[in-house]
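The next block holds one structure in the form of structure tokens; read it before the comments.
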Amino acid sequence: MSSSNLTPSADKAMEVSVVIPFFRRQRVFDETLKSVLNQSYPVKEIIVVDDASGGDASQFLAQYQSLVTLITLTQNGGVSHARNIGVQHASCEYIAFQDSDDLWAKDKLEKQFEYLAKHPEVSLLHTGCKVFSQGNPDIIYDDKPIELGFSDLMLESHVMMQSAVILRDVFLSVGGFDTSFRQTEDYEFSMRLVVGGHRVHFLPLALTFIRHGTDDKLSRTWEGVRKGHIGVVRKYKDSYVNAVGIRGYYFCLAYYFERSGYKQGGTLGRIIALLGKLPKRMFFEPNLIPKQSE
């Protein structure tokens, strides 16, 4: 199905369902939910998918049943599976994803739907982000390509899904999240959209607040990068080869291998980084990697 067949209906209100996967985030979830409920743009429904948290999670979430649609899974399937289930149960034309420990600015959805009303050709719109953690200064990410292209994604993931609003029909047409990616699922999904010809735009305002320090952040570790970023490059090998040739493809693999070593740290990390750096130098030629979008 072409993206032109999946644009929003002109005669239909731009209604939004918010999908929140939940896994043992009792300590911070109330703050997250309040940031959704307090949006200046009306939210038609909030779907919380409990990814088999166990313990007292069911009792904890029961207090919100008048505010949300609660789906409880019996087996843990990861965030990709939980999001897919949430979208399947959603009824609105648009889906906004949020994580159960993060926050939105009060006008986050309002700003996004103002933009989408002017750009109906856009399938997914993501925003800038502010990363915060106790005892550390905030980090702002608001300088990304306004329209995401394949060259932008070759060495960077760019899209944080908790900042995104997407047409539900587009999400379903591409098959949702690939559940084989237990991390970097945002990267794989945005790559699939762009390769499939869907328009992904960026709103350069830090309207999504990402909390660090509430989980192990697997994508930061050597194993996370190897299975995630390197897995994405391998999955889209044909697109890489078409864009930059086989040497450029191997350069990108080596780049992520080297980067995984820096994330690992220590002696092992230095060895991994060196193993990536050597072939990267062998495969690198300046014209192999397109310049990042302005």
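The values are calculated or read from the model by the stated rules, or taken from the named source; none is laboratory data. None of these values were measured; they are calculated from a predicted model. Cβ: placed from backbone, ideal geometry, glycine included. Neighbour counts: every protein chain shown. Heads up: the accessible areas ignore ligands, DNA and RNA and are worked out on the full protein's heavy atoms, side chains in. Shrake-Rupley method; radii C 1.70, N 1.55, O 1.52, S 1.80 Å.
Of the residues making up region 38-76, those that are more than 17 Å from A90 (Cβ to Cβ) and open to solvent by 20 Å² or more (accessible area, probe 1.4 Å) number 16.
Okay, residues lined up against (1) assigned to a helix (DSSP H, G or I); (2) modelled with pLDDT of 85 or more:
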{"residue": "T208", "(1), (2)": "no, yes"}
{"residue": "I230", "(1), (2)": "yes, yes"}
{"residue": "R247", "(1), (2)": "yes, yes"}
{"residue": "A254", "(1), (2)": "yes, yes"}
{"residue": "R259", "(1), (2)": "yes, no"}
{"residue": "I271", "(1), (2)": "yes, no"}
{"residue": "L275", "(1), (2)": "yes, no"}
{"residue": "Q292", "(1), (2)": "no, no"}
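The residue list E147, E121, E114, E110 contains one member that is within 21 Å of L33 (Cα to Cα), modelled with pLDDT of 95 or more and surrounded by fewer than 19 Cβ atoms within 10 Å (Cβ to Cβ), which is E110.
Residue-wise test of (1) in contact with a strand residue (DSSP E or B) (Cβ under 8 Å, 6 or more places away or on another chain); (2) part of a loop (DSSP other than H, G, I, E, B).
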site: L109; (1), (2): yes, no
site: C129; (1), (2): yes, no
site: P145; (1), (2): yes, yes
site: S151; (1), (2): no, no
site: L155; (1), (2): no, yes
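Reported count of residues in region 161-206, each being among the basic types (K, R) and at pLDDT below 95, is 1. Of a type in the set (S, T, Y), open to solvent by 10 Å² or more (accessible area, probe 1.4 Å), in a strand (DSSP E or B) and within 25 Å of G176 (Cα to Cα) - does that describe any residue in region 79-96? Within region 79-96, none of the residues are of a type in the set (S, T, Y), open to solvent by 10 Å² or more (accessible area, probe 1.4 Å), in a strand (DSSP E or B) and within 25 Å of G176 (Cα to Cα).
Residues in region 8-37 that are among the aliphatic types (A, V, I, L, M), under 12 Å from E93 (Cα atoms) and at pLDDT 95 or above: V16, V18.
Taking V79, is it modelled with pLDDT under 95 and touching a helix residue (DSSP H, G or I) at 6+ places or on another chain (Cβ under 8 Å)? Lay out the reasoning, then the answer.
Working: modelled with pLDDT under 95: yes; touching a helix residue (DSSP H, G or I) at 6+ places or on another chain (Cβ under 8 Å): yes.
Yes, satisfied.
Look at (1) at pLDDT below 95; (2) in a helix (DSSP H, G or I) and you find that L61 fails only one, number (1).
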